[in-house]
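What follows is a set of notes on a single structure, which appears directly below.
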Amino acid sequence: MICWDRVGDELVVGVFEPEEIAALRDYATLFKRLVEWRLATHEPVEVLGVRLGLSLPPAVVEDERLLAVLHRHLGADADDHELLWWEPECLRTLADHLDVLQATLPPAGGVIVLLDDAAQAVAWIKAGRDITAAMAVVRDAGEPEVAERTAVTIAWLTELLDRLHDHATRDSDTSVIPW
């Protein structure tokens, strides 16, 4: 059950079944591990022996799930140089959004999620869209049974995010909530 509601000007409350909270926590945790793994492969950039304070990936990511997320942000026609240059920023931002999602989930089976400002709603929506982009790769590459289960999960997450967006932007400054 997906139930979002707005309380006052800033507070968005979501009520979920404990299993849904557990599923959201699992998706966010597993995806965060994938993002952190990739970020750990980035190497410091040096010019004439001086570190620039910048780390870049050694090669374009081969993991199709992460590649789908990068293309979601950079466009399907992004070339290898764009992917290499923008990957660190995209993945660090995604990791931050996943942290917000995880931090706002109630601990140990609670059923209420509180989003107390627009930034939290933005983080939820962006992280959720990236998770569904990665899941679409799994759906499209999977065997029929896996594809069907993944499609159901994507539909559930999409509905959850659509409803969050609707409630987070109701009677508020919609310019702060991306779509």
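Here the condition is being open to solvent by less than 80 Å² (accessible area, probe 1.4 Å), over 30 Å from residue 58 (Cα atoms) and not hydrophobic (A, V, I, L, M, F, W, C); of 93, 132, 153, it holds for 153 alone.
Restricting attention to the range 114-141, the residues being of a type outside the set (A, V, I, L, M, F, W, C), closer than 16 Å to residue 10 by Cβ and in contact with a helix residue (DSSP H, G or I) (Cβ under 8 Å, 6 or more places away or on another chain) number 1. In the range 22-35, the residues that are farther than 21 Å from residue 92 by Cβ and without any contact (Cβ under 8 Å) to a residue 12 or more places away in the chain form no Cβ pair under 7 Å with any partner that is open to solvent by less than 40 Å² (accessible area, probe 1.4 Å) and in a helix (DSSP H, G or I), whether six or more places apart or across chains.
Looking at the range 6-27, which of its residues are assigned to a helix (DSSP H, G or I) and in contact with a Phe, Trp or Tyr (Cβ under 9 Å, 6 or more places away or on another chain)? If you could, list the steps in order and put the result at the bottom.
Within the range 6-27, the first condition is being assigned to a helix (DSSP H, G or I), and the residues that meet it are 18-27.
20, 23, 24 - these are the residues of the range 6-27 that are assigned to a helix (DSSP H, G or I) and in contact with a Phe, Trp or Tyr (Cβ under 9 Å, 6 or more places away or on another chain).
When 98, 67, 83 are checked against the criterion of being within 30 Å of residue 12 (Cα to Cα) and either open to solvent by less than 80 Å² (accessible area, probe 1.4 Å) or in contact with a Phe, Trp or Tyr (Cβ under 7 Å, 6 or more places away or on another chain) (or both), 98 stands alone in meeting it. In this structure, residue 111 does not satisfy being closer than 30 Å to residue 56 by Cβ and in contact (Cβ under 8 Å) with a residue 12 or more places away in the chain. Remark: residue 35 falls outside the filter, which requires a residue to be within 16 Å of the chain's Cα centre (by Cα), at pLDDT 90 or above, crowded, with 16+ Cβ neighbours inside 10 Å and under 30 Å from residue 170 (Cβ atoms). Is it the case that the range 41-64 has a residue that's open to solvent by 30 Å² or more (accessible area, probe 1.4 Å), part of a helix (DSSP H, G or I), free of Cβ contacts under 8 Å to residues at least 40 places away in the same chain and not β-branched (Val, Ile, Thr)? So far as the range 41-64 goes, no, none of its residues is open to solvent by 30 Å² or more (accessible area, probe 1.4 Å), part of a helix (DSSP H, G or I), free of Cβ contacts under 8 Å to residues at least 40 places away in the same chain and not β-branched (Val, Ile, Thr).
Yes/no matrix, rows are residues, columns are (1) of a type in the set (D, E, K, R); (2) more than 19 Å from residue 137 (Cβ to Cβ); (3) outside any helix (DSSP H, G or I):
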{"residue": "29", "(1), (2), (3)": "no, no, no"}
{"residue": "67", "(1), (2), (3)": "no, no, no"}
{"residue": "73", "(1), (2), (3)": "no, no, no"}
{"residue": "77", "(1), (2), (3)": "yes, no, yes"}
{"residue": "82", "(1), (2), (3)": "yes, yes, no"}
{"residue": "87", "(1), (2), (3)": "yes, no, no"}
{"residue": "91", "(1), (2), (3)": "no, no, no"}
{"residue": "100", "(1), (2), (3)": "no, yes, no"}
{"residue": "107", "(1), (2), (3)": "no, yes, yes"}
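The values are calculated or read from the model by the stated rules, or taken from the named source; none is laboratory data. On a predicted model such as this, the values are computed, not experimentally measured, just so you know. Note: ideal-geometry Cβ built from the backbone for every residue, glycine included; neighbour counts use all protein chains shown. The area values use the complete protein model at the heavy-atom level, side chains included, leaving out ligands, DNA and RNA. Shrake-Rupley method; radii C 1.70, N 1.55, O 1.52, S 1.80 Å.
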